[in-house]
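Working notes, structure below.
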Ligand code: NAD
């Protein structure tokens, strides 16, 4: 019987479904990396989410491992090339959270346009800040989507329904909405990021790009920490080049670094604790896709 270790939280129903496939499943969803290194040699498969980082030293101890399944989109927490060199398959559940992240990005745009977080905070503080909270509408505005893959396109479709004009930048995609980065920066009232963090995309938005953006534009970032230069973003927000930013991802998570705390605490920033894929529906879909992958590789 194949042995599978689940290293991060996965829905209980999904675990039972994997056992029903005849797989011996150990749920160790709070295991430390040191503990994992001691036991990984016993397993044929492992399931991780974002907490457990699978780097070369751990992979070298995984002598029986056939598959690493990551519940989620990015594979940046796994040393994929090293695993594949050792003959270990690496899979993820890329489409399961598309709609959840696209809806959140839209929610972040509404939060910026109507100052929703500040409206709620002032009410809870006993204030009636009606006059100070005049917002704007999304209809008639231009949304620039950087990274026009699954999530970027899903957001684009929703934004068009709301009456927004959508332009996109993605060097690997052909689509009628695609424009150059310069055009996107110049035209957009909102810019939303939906691309991976790689060497190529590190600090893709920095001082020079913020300077090209429309004065008073808003930034939405539910992609990955590191795509935006956070020091440059802080300057753009405090100098008023950008009117606001909504962020779900940070270069350090949770963001405890002093400079990052200052960015999170700016009143024109809506800060969320990386909840993009955190819906009941997306988590269920991730569970279903993990079951399919376990069946394919281990059952
Ligand atoms: P995807 O692979 O379908 O789309 C990513 C797109 O980015 C691709 O079309 C690719 O061509 C494009 N891209 C790559 N390099 C680029 C560059 N230099 N400039 C512009 N575009 C570039 O992925 P997806 O499912 O749409 O997810 C997008 C990103 O969202 C993921 O990489 C992940 O980092 C992030 N994500 C965040 C959460 C969250 O909880 N906030 C959840 C899921 C995914």
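Bear in mind these aren't lab numbers, they're just calculated from the coordinates by the rules spelled out. The shown structure was predicted, so the numbers you read here are calculated from the model rather than taken from an experiment. Counting neighbours? That spans all protein chains shown, and the Cβs are built from the backbone with ideal geometry, glycine included.
Brief remarks follow.
- Sequence-separation-based contact order of the stretch 61-122, relative, with Cα cut under 8 Å and 6+ spacing, percent: 31
- Pairwise label distance in nanometres, residue 157 with residue 174, each label 7 Å out on the Cα-Cβ vector: 2.2
- Relative contact order computed over the chain (Cα-Cα under 8 Å; 6+ residues apart), in percent: 17
- Helix 280-297 vs. the chain, principal-axis angle (Cα, 0 to 90°, nearest 10): 30
- In plain terms, the residue of 251, 192, 97, 50 with the fewest other Cβ atoms within 10 Å comes first and the most crowded comes last, giving 50, 251, 97, 192.
- Sorting the segments 75-85, 124-134 by their residues' average number of neighbouring beta-carbon atoms within 10 angstrom, most packed first, yields 75-85, 124-134.
- Estimated purely from DSSP H runs of n ≥ 4, each contributing -39500 (n - 2.57), the mean residue ellipticity at 222 nm for the chain is -11000 deg cm²/dmol once divided by its residues.
- Nitroxide proxy distance, nm - points 7 Å out along Cα→Cβ at residue 51 and residue 261: 2.5
- Sorting 174, 241, 207 from the fewest to the most surrounding beta carbons within 10 angstrom yields 174, 207, 241.
- Cα gyration tensor shape of the chain, rounded if a/c is under 1.5, else prolate or oblate by comparing a/b with b/c: prolate
- Difference of contour (0.36 nm per residue) and Cα-Cα distance, residue 139 to residue 299: 52.6 nm
- Residues 210, 110, ranked from the fewest to the most other C-beta atoms within 10 Å, line up as 110, 210.
- Helix 150-161 vs. the chain, principal-axis angle (Cα, 0 to 90°, nearest 10): 40
- One chain, two ends: residue 206 and residue 24. Fully extended at 0.36 nm per residue, the span grows by 60.7 nm beyond their Cα-Cα distance.
- Stretch gain in nm, segment residue 35-residue 110, where the contour uses 0.36 nm per residue and the Cα spacing is subtracted: 22.6 nm
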